[in-house]
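Since the structure comes first, as structure tokens, the remarks are kept for the end.
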Amino acid sequence: MHAPARQNESNAAITCIDEQLDALRAALLGLTEDQARQTPCRSALSIAGILKHVEHGMRGGIVRFGTPGWTPQPIDEEAFNAYMGSFALTGEETATGMIERFDATRIEFIEVLRGLDPDADTVEPPAPWYGINESSTIKTRSYLIHQIEEFARHAGHADIIREQIDGTSVPSLMLTMAGVSGEGFIAAYEPAAGTLLA
């Protein structure tokens, strides 16, 4: 968890984005591979599946802002299938492998964000799921704000799923991973040996 600090606009947004990524990753602490795939709520989401989906989104941001002359591509069958397949691990994927992929992509994604000017123009791709079928020009700060919204939503999903699995809250997992005492407000968590991130 990041302490409040005086920051410029870009750093403040990136710090908030990174904190949501911390929370999402922490939701896996102490789970088994099977638990990471569990879908205990009425949706088809698992914590490992959410991690995979967010990694997919970060890779999209890396391509978008790391490719000179980038323009949105049509959502063809391949892109549609990649997006829809990003919500769950395949039989060949593991939560351990997904954490490694997430961590590597996260480093690159945050580095790309650090190079952005919030006041610069960027092209926002169509979002046909919202009935938006044309690209539009937006300020990069809109992209950053949207990433805060997206990652906070998914970190919240992971928190709810984790509480359904074993009653553990993500704030206690984050403090445990940071080695910080909850000072009696939040209980520490002790992951079992051999579990994810333990």
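Taking the Cα centre of each part, how many Å lie between the stretch 79-119 and the stretch 8-43? Here the two parts' Cα centres lie 12 Å apart. For the chain, modelled as a GNM with alpha-carbon contacts under 10 angstrom, which of LEU116, LEU31, LEU144 fluctuates the most? With Cα springs under 10 Å in the chain, the top fluctuation among LEU116, LEU31, LEU144 is at LEU116.
Computed over the stretch 82-154, relative contact order equals 21 percent, with contacts defined as Cα pairs under 8 Å that lie 6+ residues apart.
Contact order, relative form, for the chain: 34 percent (alpha carbon pairs under 8 Å, 6 or more residues apart, mean separation divided by residue count). Let me have the relative contact order for the stretch 1-114, percent, based on Cα pairs under 8 Å that are six or more residues apart. This gives 34 percent for the stretch 1-114. Placing unit charges on the Cβ atoms only, positive for Lys and Arg and negative for Asp and Glu, gives the stretch 33-149 a dipole magnitude near 280 debye about its Cα centre. The charge dipole of the stretch 23-95, taken about its Cα centre with unit charges on the Cβ atoms of Lys, Arg (+1), Asp and Glu (-1) only, comes to about 340 debye. Starting from a Cα-only point model with no solvent, please compute log10 I(q)/I(0) by Debye for the stretch 31-133 at q = 0.15 1/Å. Calculated log10 I(q)/I(0) at the listed q: -0.76. A straight chain from VAL123 to ILE62 at 0.36 nm per residue would run longer than the Cα-Cα distance by 20.5 nm.
Between the residues TYR189, GLY49, PRO74, the greatest Cα displacement towards the positive end of the dipole of the chain, with unit charges on the Cβ of Lys, Arg, Asp and Glu, is found for TYR189.
Estimated purely from DSSP H runs of n ≥ 4, each contributing -39500 (n - 2.57), the mean residue ellipticity at 222 nm for the chain is -18000 deg cm²/dmol once divided by its residues.
Placing +1 on the Cβ of every Lys and Arg and -1 on the Cβ of every Asp and Glu, with no other charges, gives the chain a dipole of roughly 200 debye about its Cα centre. Checking every one of the GluC sites (Glu not before Pro) in the stretch 45-113 against DSSP loop status and a limit of 16 other Cβ atoms within 10 Å picks out GLU92, GLU93. Distance between the pseudo-spin-label points of VAL180 and TYR83 (7 Å out from Cα toward the beta carbon): 3.6 nm. Since only GLN38, ALA27, ILE14 are under comparison, the one whose Cα sits farthest along the positive direction of the charge dipole of the stretch 7-76, derived from C-beta charges on Lys, Arg, Asp and Glu, is GLN38. Take the chain and mark each of the chymotrypsin sites (Phe, Trp or Tyr not before Pro) that is in a DSSP loop with at most 16 other Cβ atoms within 10 Å; the longest unmarked stretch, sites excluded, is 71-184.
Laboratory data are not the source of any read-out in this text; all were calculated from the coordinates shown. Everything numeric in this text was worked out from a predicted model, so none of it was measured. In this analysis, Cβ positions are derived from the backbone assuming ideal geometry, glycine residues included, and neighbour counts consider all displayed protein chains.
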